[in-house]
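Report on the following structure.
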Amino acid sequence: MTPLIEAEGLAVNFRAPGGFLGLGHHRLAILEDVSVSVRPGKTLGLVGESGSGKTTLARALLGLVSRARGEIRFEGRPVDSFRRLRRKTAMMFQDPIASLSPRLAIGSAITEPFLIHGVAMTSRRAAAEELLALVGLPKEFASRYPHELSGGQARRAGVARALALRPALVIADEPTAGLDVSIQGEILNLMTRLKAELSLSYIIVTHNLAMIRHVSDRIAIMYLGRIVEEGPTAEVFAGARHPYTASLIASEPIPDPRRRRQSLAITGEVPSILRRPSGCEFHTRCPHAQARCRSEAPSLTKSTGGRSVRCHFPLNERFPPKLSDFGDKETRQL
Amino acid sequence: MPSGVLEILKRVTRDPLGLLGLVLVVIVIGAALFADAISPYDPARIDVLNKLQGPSAAHWLGTDQLGRDTLSRIIHGARVAMGIAVFSIGIGAFIGLILGILAGYGPRWLDAVLIFFFDSLSAIPLILFALTVIVILGPGTGTLIFVIALISIPVYGRLVRAQTLSLRRSEFILAEQSMGASLPRIVGIHLLPNVLGPLVILVSMDIPTVVALEAALSYLGLGVKPPTPSWGTILNDGYVSLRTNPSLVIAAGIPLVIATLGFTFFGEALRDALDPKLKGRRAS
């Protein structure tokens with residue numbers, strides 16, 4: 001089965017401005033050698049801390065930031081014009097209200113894709129009401145403005161706009177950020193329902209592990225602009241092979257007052273992309289780092305069970321996983 | 001959207017100073033528009049027998065050294081002042097808007113070039129620059145409009161550029177790009193309406209500056225040429241006869257005060273009314 005969208009060896013540089021008329025700028029590598037793919041009807045989760053490049057990756061897939069290297073294929077064909085790609089995909093941005101044009105009524109905003117791509121609709125009003133009904137908003141919302149909506153309502157409007165042209169792929173950047181927990185659940189249920197109804201694929205960018213665990217088929221963990229681990233969600237959560245993934249999962253808060261917080265194996269801050277560490281970029285925080293990690297950068301290596309990991313000394317290669325692999329005797333059973 | 005304009009005016013008048021400003025602005029604009037109908041005399045009619053008179057029933061504000069009716073000249077002066085302000089600021093704001101959007105939304109090198117242009121223009125001392133241009137082109141209304149329009153381009157250009165720069169990275173513009181919207185659509189439908197608000201406020205607050213500038217240059221004899229009534233030239237005429245007939249200076253000073261205060265109050269109230277963060281706070 002050909003992947004719906006596929007990126008290979010993607011690299012993105014930003015320029016740090018400087019010098020007279022901006023001539024003295026230098027390049028910062030935001031993404032390095034990133035390859036991802038999503039199969040039709042599946043959901044890929046992109047997970048990482050702030051600054052890991054997950055949002056940039058999502059934007060680069062639609063050409064919103066230009067890539068320095070790498071190839072993007074959609075439905076098996078290399079993407080030459082992003083306009084065709086953008087017709088069949090949709091992106092939802094982090095801030096539900098700020099991603100709607102402030103002086104455009106919701107009804108006009110969600111039907112804009114029809115005008116942009118010259119797709120016929122019976123009437124703008126009818127199309128707007130149909131889309132609002134799809135996401136469970138009353139049709140009166142067509143004449144409201146973004147600042148009059150709550151976060152959850154604006155998010156629903158964003159979903160409506162994303163689905164206007166019945167895309168094959170929806171890229172959602174933190175779809176639940178800034179929403180109450182109950183509203184988060186509603187939005188996720190809505191997205192799950194629509195995925196089945198309209199046979200959508202999703203790429204969901206998030207740092208919310210509890211959420212992504214339930215909605216994604218595969219996840220890719222990112223650290224400093226590289227994918228460090230990739231695989232089927234359930235298996236990655238059952239036994240992380242990269243020490244970074246293991247510590248991310250261990251740091252996930254658990255709503256149980258009787259459970260005492262485990263000490264985390266990971267310490268320190270994310271290093272600055274201005275000064276990337278030598279060798280394996282995680283060695284500065286890794287509890288298992290050895291001499292080789294400081295000098296030699298590991299490559300993303302295919303491992304068993306359709307998984308890949310970027311580590312010289314992966315954890316849990318054996319089954320069942322040994323708890324001591326987490327560097328903590330009392331690490332909870334996953 | 002006419003209902004939007006009405007709503008904004010309603011909010012402006014909720015502020016007492018805004019209401020005062022609006023009234024003064026309406027008086028000045030009314031005088032400018034209907035100058036011929038409301039002025040009692042032809043402003044150019046010379047009546048040497050009745051020169052330099054104080055206020056009387058026939059001439060409410062007296063006459064100047066040629067016996068011309070001061071009230072009529074002040075009313076027609078409003079037309080000159082408003083005409084110059086509207087044209088010069090209109091041209092300056094229009095060019096500034098286009099250059100500002102080009103700088104903010106265009107490529108980096110164009111931004112650098114335009115910023116350099118804005119900086120160079122605003123580095124020149126205003127009066128010196130005006131004097132130079134007037135020496136080259138000769139004094140007159142057209143020259144005045146040209147000078148004021150030129151020096152106001154960087155002010156509006158910078159504002160629009162800053163506004164555009166912050167908007168182009170905003171999520172709703174990115175969302176438009178992600179949908180595949182064309183450049184004219186993004187700029188025309190999504191960028192422009194959000195840039196115009198601050199521009200309108202700046203324009204309304206710049207009008208008093210331009211009115212005062214026109215009066216200053218005309219007072220110096222570098223602006224509007226003599227037969228045309230301007231508040232600046234009337235002030236100059238009055239200065240000559242300040243000891244014998246001070247009413248002329250006072251009569252020409254009052255409309256200047258009315259116009260500058262009116263537009264300033266109105267502009268400030270407009271700024272508050274258009275600022276969504278202040279919405280409602282002023283109402284109490």
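Here are a few things to note about the model shown:
- Take the conditions (1) under 23 Å from B:Ala259 (Cβ atoms); (2) of a type outside the set (Phe, Trp, Tyr); (3) modelled with pLDDT of 90 or more; B:Arg161 misses just one of them, which is (1).
- Verdict on A:Arg73 being over 25 Å from A:Ala154 (Cα atoms), among the basic types (Lys, Arg) and out of contact with any strand residue (DSSP E or B) (no Cβ under 8 Å at 6 or more places or on another chain): no
- Test result for B:Ala162, more than 19 Å from the chain's Cα centre (by Cα) and of a type in the set (A, V, I, L, M): yes
- Candidates are the residues of segment A:63-107 that are open to solvent by less than 50 Å² (accessible area, probe 1.4 Å) and more than 13 Å from chain B (Cβ to nearest Cβ); the one that is farthest from B:Gly188 (Cα to Cα) is A:Gly76.
- The number of residues in segment B:12-35 that are touching an Asp or Glu at 6+ places or on another chain (Cβ under 9 Å) and open to solvent by 20 Å² or more (accessible area, probe 1.4 Å) comes to 2.
- Selection status of B:Ser170, of a type outside the set (A, V, I, L, M) and within 12 Å of chain A (Cβ to nearest Cβ): yes
- Top-ranked residue of segment B:173-198 - restricted to ones that are in a helix (DSSP H, G or I) and open to solvent by less than 10 Å² (accessible area, probe 1.4 Å), ranked as nearest to B:Gly262 (Cα to Cα): B:Val195
- Single unsatisfied condition, B:Phe34 versus (1) over 19 Å from B:Val210 (Cβ atoms); (2) in contact with a helix residue (DSSP H, G or I) (Cβ under 8 Å, 6 or more places away or on another chain): (2)
- Scan of segment A:189-209 for residues that are in a helix (DSSP H, G or I) and not β-branched (Val, Ile, Thr), ordered by number: A:Asn189, A:Leu190, A:Met191, A:Arg193, A:Leu194, A:Lys195, A:Ala196, A:Glu197, A:Leu198, A:Leu209
- Test: residue in segment A:172-180 that is hydroxyl-bearing (Ser, Thr, Tyr) and in a helix (DSSP H, G or I): no
To keep it simple, each residue is scored yes or no on (1) within 14 Å of chain A (Cβ to nearest Cβ); (2) of a type in the set (A, V, I, L, M); (3) in contact (Cβ under 8 Å) with a residue 40 or more places away in the chain.
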| residue | (1), (2), (3) |
| --- | --- |
| B:Leu174 | yes, yes, no |
| B:Ile201 | no, yes, yes |
| B:Tyr219 | no, no, no |
| B:Ile234 | no, yes, yes |
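- Qualifying positions in segment A:108-125 - within 13 Å of chain B (Cβ to nearest Cβ) and open to solvent by 70 Å² or more (accessible area, probe 1.4 Å): A:Leu115
- Checked against (1) surrounded by fewer than 21 Cβ atoms within 10 Å (Cβ to Cβ); (2) in contact (Cβ under 8 Å) with a residue 24 or more places away in the chain, B:Val211 meets all criteria but (1).
- Scope segment A:296-334; condition hydroxyl-bearing (Ser, Thr, Tyr), open to solvent by 50 Å² or more (accessible area, probe 1.4 Å) and modelled with pLDDT under 85; matching residues: A:Thr304, A:Ser324
- Residue check: A:Ile219 meets all listed conditions (1) of a type in the set (Val, Ile, Thr); (2) open to solvent by less than 50 Å² (accessible area, probe 1.4 Å); (3) over 24 Å from A:Thr43 (Cα atoms) but one, namely (3).
- Condition met for B:Gly253 (within 14 Å of B:Gly77 (Cα to Cα), surrounded by fewer than 23 Cβ atoms within 10 Å (Cβ to Cβ) and free of Cβ contacts under 8 Å to residues at least 24 places away in the same chain): yes
- Where a residue in segment B:99-117 is within 10 Å of B:Thr164 (Cα to Cα) and its partner, wherever it lies, is open to solvent by less than 20 Å² (accessible area, probe 1.4 Å) and hydroxyl-bearing (Ser, Thr, Tyr), with Cβ under 8 Å and at least six apart: B:Gly100/B:Tyr156; B:Gly100/B:Thr164; B:Ile101/B:Thr164; B:Ala103/B:Thr164; B:Gly104/B:Thr164; B:Tyr105/B:Thr164
Rundown of residues vs (1) farther than 18 Å from B:Arg271 by Cα; (2) of a type in the set (A, V, I, L, M), yes/no style:
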{"site": "B:Val12", "(1), (2)": "no, yes"}
{"site": "B:Pro16", "(1), (2)": "no, no"}
{"site": "B:Leu22", "(1), (2)": "no, yes"}
{"site": "B:Val28", "(1), (2)": "yes, yes"}
{"site": "B:Asp36", "(1), (2)": "yes, no"}
{"site": "B:Ser39", "(1), (2)": "yes, no"}
{"site": "B:Leu52", "(1), (2)": "yes, yes"}
{"site": "B:Ser56", "(1), (2)": "yes, no"}
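- Answer residue from segment A:213-239, given it is among the hydrophobic types (A, V, I, L, M, F, W, C) and in contact with a helix residue (DSSP H, G or I) (Cβ under 7 Å, 6 or more places away or on another chain) and is farthest from A:Cys280 (Cα to Cα) among those: A:Val215
- Test: residue in segment A:40-51 that is at negative phi, without any contact (Cβ under 8 Å) to a residue 40 or more places away in the chain, open to solvent by less than 20 Å² (accessible area, probe 1.4 Å) and more than 14 Å from chain B (Cβ to nearest Cβ): no
The values are calculated or read from the model by the stated rules, or taken from the named source; none is laboratory data. What you see is a predicted model; the values in this text were computed from it and never measured. Every residue, glycine among them, receives a Cβ derived from its backbone with ideal geometry; neighbour counts consider all protein chains shown. SASA here: full protein model, heavy atoms, side chains in, ligands and nucleic acids out. Shrake-Rupley method; radii C 1.70, N 1.55, O 1.52, S 1.80 Å.
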